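Asks: Attaching a single structure in structure tokens format; questions to follow.
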Amino acid sequence: MAAAWPELEAAARERRRELALGGAAVAERVAAGGGRLPAALLALPLLQSLELSGCAALRELGPGLAAALPALHTLVLSGNALGPAGLGAGLDGPLPALRLLDLSGNGLEALPAALGGTAGAEPAGAPAFPQLRSLNLSGNRLRELGPGLARAAPQLQALLLSGNRLRALPGGLLPPAAVPGGPFPLLSRLEAADNEVEELGADIAALPALKSLDVANNRLRELPAALADCPRLKEANFRGNQLKDKRLEKMVNGCQTKAILEYLRAGGRGKGKAESAREEARKKKREKQQKKDGGDGEQDELEEASKLLVKVLHVSENPAPLVVKASPGVKDVRPFIVCCVLKGVNLKPGNALKRFLSAQTKLHEDICEKRTAATIATHDLQLIKGPLIYDVQPPDELKIMPLGRKEIKAKDLLRQLKLEAEEQRKQKKRQNVSGLHKYLQLLDGKDNYPCLVDAEGSVISFPPITNSEKTKIRKDTRDLFLEVTSDTSLQICKDVMDTLILKIAELNRFTLENKEDSGSDNESDALCGPVNLNPSQNVQPMNFLLVVEQVRVVDTDGNLKVLYPSKTDLTTVSSLLTVIR
């Protein structure tokens, strides 16, 4: 008799789009089912995001996964026991919507045919993964990758291969015959650290979008001059390789990528003497300036390393983690929400708060697509009473104190804003309106409005319109609660949150490098709370560490819907951000 899966029954009943499975009970049931995913999982065709990680009992996927779950855009199967052929029967067909596939930390020795395999022949027909952007194969036993991957996943942007047994790169990845637009035209991030790579081929230059390359701790003896022909390569890590050219080895351990590429472009081994002389002169000038300022090179390196540093505090390490409960009604209004806590923020110096507000506006215009894809909100954590409830309320019942306004019902607020928008049009004699008024149409036709409610019953967020004055961020705010909501997809929420945290770290660096006196910023906002921050306490480098605390979103029965940041989050910005997990 098959084991009961209450999680799957609830997902089917509630028509869920996301499902995360984990824990000892799940592992026991997987083991009882022969080490396969449960057959009941195949009866969830609406599923868009599936995660089953850290399950040592999971040895194979079982047949039919791709055919049964065509809407999947996120599939995370990290830290399991998928063996040499553990994928074949599961990924036996295309997943046209899949954007992220994480198979890290398993025992894979070969990829399934749908991912190109290693046989050398490209899969026929249309690509199996036409939307795949990120493929994580780190921590497996792969010795080679077949050229069919370029055909199977033509839109791939990030390929993570660290901790395998690869001996050549790109090796068999690049097909011998040209594919339309070239192989991997969008691949910007390639990681293959901690492998057995002895040869970095000159064909690496055939990757036109490559920005970040990591081949640290391999067996490389030489670096090809063709690396200098990678038009967009900005960051490269070659440390931990015993290079023949000892001068190049020193550069690898101490110089920026640009200097290394210039050295390779000049031919290396002393052939670029004029350029190296200029670099030495610049280096001496920098050292002289550092001594004049009372610093030294070692301290400068420490500061540089700590500027863009983020530590993740897991729920299990947090004595009082914040929890968000999502009510069933949100799935028909604005179903997706991702939250986290950010500590280590300092908005006091000079124009820090003003930059904070400006950065939010830019994010809403760009990555949030004018709030149509997602909406960001931030709150002063000290002013929040948990647990929080992500709920829906009728327009004539939802009450909020918007930023800079008195308490008002949602329907009256929108009517007021529409009148202001019309007046604005008349005064400026324009067709378009600015500020918050641009987003009013996003709620047209909604019978209920989404809101985030604290333990005291106060609405602290009304996406995509406004935050509450109750949790408004000010110059003395130290700890933040970050919130991203969407009616489009969970992955968009995560992508926006990743970008937000990166922007916060970049503003930290700006604050460090531009010492400002405390000033008076304008604390008003275009209503949906400020979003970008400048964490620093003083000029001691380790004080620029940001701490991101995980926040769980659960349903009313306590079942996990999403945890952020998970192991797979923040990977899209990891080349620019150091994440300590």
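Asks: Looking only at residues that are out of contact with any helix residue (DSSP H, G or I) (no Cβ under 8 Å at 6 or more places or on another chain) and surrounded by fewer than 20 Cβ atoms within 10 Å (Cβ to Cβ) in the stretch 41-54, which one is modelled with the highest pLDDT?
Replies: Ranking the candidates gives LEU46 first.
Asks: Output the residues belonging to the stretch 342-353 that are surrounded by fewer than 20 Cβ atoms within 10 Å (Cβ to Cβ) and within 23 Å of the chain's Cα centre (by Cα).
Replies: If the condition is that a residue be surrounded by fewer than 20 Cβ atoms within 10 Å (Cβ to Cβ) and within 23 Å of the chain's Cα centre (by Cα), then LYS343 is the only one that fits.
One line per residue, one yes/no per condition, for (1) among the acidic types (Asp, Glu); (2) over 19 Å from ASP495 (Cβ atoms); (3) modelled with pLDDT of 90 or more; (4) part of a loop (DSSP other than H, G, I, E, B):
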{"site": "ALA56", "(1), (2), (3), (4)": "no, yes, no, yes"}
{"site": "LEU75", "(1), (2), (3), (4)": "no, no, yes, no"}
{"site": "ALA85", "(1), (2), (3), (4)": "no, yes, no, yes"}
{"site": "ALA89", "(1), (2), (3), (4)": "no, yes, no, yes"}
{"site": "LEU101", "(1), (2), (3), (4)": "no, no, yes, no"}
{"site": "LEU135", "(1), (2), (3), (4)": "no, no, yes, no"}
{"site": "GLU144", "(1), (2), (3), (4)": "yes, yes, no, yes"}
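Asks: Any residue at all in the stretch 20-34 that is within 25 Å of the chain's Cα centre (by Cα), surrounded by fewer than 22 Cβ atoms within 10 Å (Cβ to Cβ) and modelled with pLDDT of 90 or more?
Replies: Within the stretch 20-34, not a single residue is within 25 Å of the chain's Cα centre (by Cα), surrounded by fewer than 22 Cβ atoms within 10 Å (Cβ to Cβ) and modelled with pLDDT of 90 or more.
Asks: Restricting to the stretch 336-390, name every residue that is of a type outside the set (A, V, I, L, M, F, W, C), assigned to a helix (DSSP H, G or I) and farther than 20 Å from GLU456 by Cα.
Replies: Result: LYS354, ARG355, SER358, GLN360, THR361, LYS362, HIS364, GLU365.
Asks: Of the numbered conditions (1) surrounded by fewer than 22 Cβ atoms within 10 Å (Cβ to Cβ); (2) within 22 Å of TYR564 (Cβ to Cβ), GLY83 satisfies every one except a single condition; which is it?
Replies: (2)
Asks: If I filter the stretch 546-570 down to residues being of a type in the set (S, T, N, Q) and surrounded by fewer than 21 Cβ atoms within 10 Å (Cβ to Cβ), which single residue comes out as nearest to LEU77 (Cα to Cα)?
Replies: That would be THR568.
Asks: So the check is Cβ under 7 Å with 6+ separation or different chains; which pairs have a first residue in the stretch 137-166 that's open to solvent by 30 Å² or more (accessible area, probe 1.4 Å) and a second one that's not in a loop (DSSP other than H, G, I, E, B) and not β-branched (Val, Ile, Thr)?
Replies: GLU144/GLY171; GLU144/GLY172; GLN157/SER134; GLN157/ARG189
Asks: Return the residue satisfying two criteria in turn: it lies in the stretch 359-383 and is touching a residue at least 24 places away in the same chain (Cβ under 8 Å) and open to solvent by 20 Å² or more (accessible area, probe 1.4 Å), and of such residues it is farthest from PRO402 (Cα to Cα).
Replies: Only one residue fits best here, namely ILE367.
Asks: Across the stretch 331-341, which residue is farthest from VAL484 (Cα to Cα) among those that are surrounded by fewer than 21 Cβ atoms within 10 Å (Cβ to Cβ) and within 24 Å of the chain's Cα centre (by Cα)?
Replies: Of everything passing the filter in the stretch 331-341, LYS331 is farthest from VAL484 (Cα to Cα).
Asks: Please work out if LEU69 is in contact with a helix residue (DSSP H, G or I) (Cβ under 8 Å, 6 or more places away or on another chain), buried (at least 19 other Cβ atoms within 10 Å of the Cβ) and farther than 16 Å from LEU560 by Cβ.
Replies: yes
Asks: Looking at the stretch 203-218, can you tell me whether even one residue there is in a strand (DSSP E or B) and of a type in the set (Asp, Glu)?
Replies: yes
Asks: Which members of the stretch 453-501 meet the condition of being closer than 19 Å to PRO321 by Cα and open to solvent by 10 Å² or more (accessible area, probe 1.4 Å)?
Replies: Residues satisfying the conditions are VAL453, ALA455, GLU456, ARG478, ASP479.
Asks: Does the stretch 354-379 hold any residues that are touching a Lys or Arg at 6+ places or on another chain (Cβ under 7 Å) and either charged (D, E, K, R) or under 20 Å from LYS470 (Cβ atoms) (or both), and which are they?
Replies: LYS370
Asks: While we're on this one: Which pairs do you get when a residue that is among the β-branched types (Val, Ile, Thr), found in the stretch 240-268, comes within reach of a residue that is open to solvent by less than 10 Å² (accessible area, probe 1.4 Å), reach meaning Cβ atoms under 6 angstrom, with the pair 6+ apart or on two chains?
Replies: Pairs found: VAL252/PHE238.
Asks: Scan the stretch 99-115 and report the pairs whose first residue is touching a residue at least 12 places away in the same chain (Cβ under 8 Å) and whose second residue is open to solvent by 10 Å² or more (accessible area, probe 1.4 Å) and among the acidic types (Asp, Glu), with Cβ atoms within less than 9 Å and a gap of 6+ or a chain change.
Replies: ASP102/GLU51; ALA110/GLU144; PRO112/ASP92; ALA113/ASP92; ALA114/ASP92
The values are calculated or read from the model by the stated rules, or taken from the named source; none is laboratory data. All figures in this text were calculated on a predicted structure; none of them were measured in a lab. Heads up, the Cβs are rebuilt from the backbone with ideal geometry, glycines too, and the neighbour counts pull from every protein chain shown. Note: areas computed on protein heavy atoms with side chains; ligands, DNA, RNA excluded. Shrake-Rupley method; radii C 1.70, N 1.55, O 1.52, S 1.80 Å.
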